[in-house]
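Encoded as structure tokens, the structure appears first; notes follow it.
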Amino acid sequence: MSRFRWRLQKLLDVTAQREAVLRQEMFRLARELARVRQEKVRVRARRRALLDGVLQGDSGERLAQQQLMVRCAGAARRQMARLDAALDRLAAQRAERRKDLLAAKASRETLERMRADARRAHEREETRREQIRLDDGANTRFARKVIGARTSVTAGE
């Protein structure tokens, strides 16, 4: 039986590698999204802790601390805006990578189906050839048996 060789095997290998790279990129983006979300939670918690600290303080110190909080509020809003922008950017990248990953996966699955179809066709062809060889062998044995029987009959006359 001849060995099965598929002409598009390298394309399938490259497509599978590309899918694996895209999958890793998706995981990296998911980790980055989680990190930015966690940073937002930490910033909110820090702001809330500072605000709670201001509310817990003496009324004399509270006014000074409130003025400081008002001055720092703009920086905190800018930081939150930066984090929101980073989240939006990462979410857009992740959506794009997801689209690429789904396309690569569909391509790989299509190539795998094509390879399986080609393998089945190869096996059918090999089975057909083997059957032809067996039939030829059986016909040759039968013909030799018939010829042998004729020669023994003609030799006996």
Exactly which chymotrypsin sites (Phe, Trp or Tyr not before Pro) in the range 1-81 are in a DSSP loop and have at most 14 other Cβ atoms within 10 Å?
4
Aspartates and glutamates whose Cα lies under 16 Å from that of residue 99, excluding same-chain neighbours fewer than 8 positions away:
19, 25, 109
Setting aside same-chain residues fewer than 8 positions from residue 105, which lysines have a Cα under 21 Å from its Cα?
10
Extending each Cα 7 Å along its Cβ direction at residue 38 and residue 92, get the distance between those two points in nm, one decimal.
2.6 nm
How far apart, in nm, are two points set 7 Å out from the Cα along the Cα-to-Cβ line at residue 68 and at residue 131?
9.1 nm
Pop a pseudo-label 7 angstrom from the Cα along the beta-carbon direction at both residue 151 and residue 23 and give the gap in nm to one decimal.
6.5 nm
Give the angle, between 0 and 90 degrees and rounded to the nearest 10, that separates the Cα long axis of helix 59-155 from the longest principal axis of the Cα atoms of the chain.
0 degrees
Among 32, 109, 130, whose mean-square fluctuation peaks in a Gaussian network model of the chain (Cα, cutoff 10 Å)?
130
May I ask for the longest run of the chain untouched by trypsin sites (Lys or Arg not before Pro) that are loop-located per DSSP and have at most 11 neighbouring C-beta atoms (other than their own) within 10 Å?
8-157
Toward the positive end of the charge dipole of the range 9-115, about the Cα centre and with charges on Cβ (Lys, Arg +1; Asp, Glu -1), which of 20, 81, 38 goes farthest?
20
Suppose the chain between residue 49 and residue 9 were pulled fully straight at 0.36 nm per residue; how much longer would it get relative to their current alpha carbon spacing?
8.4 nm
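Each reported figure results from applying straightforward, stated rules to the coordinates on display, with no laboratory input. As the structure is a prediction and not an experimental result, all values here were calculated from the model. Don't worry about glycine lacking a Cβ; one is built from the backbone with ideal geometry, like all the others, and counts go over all protein chains shown.
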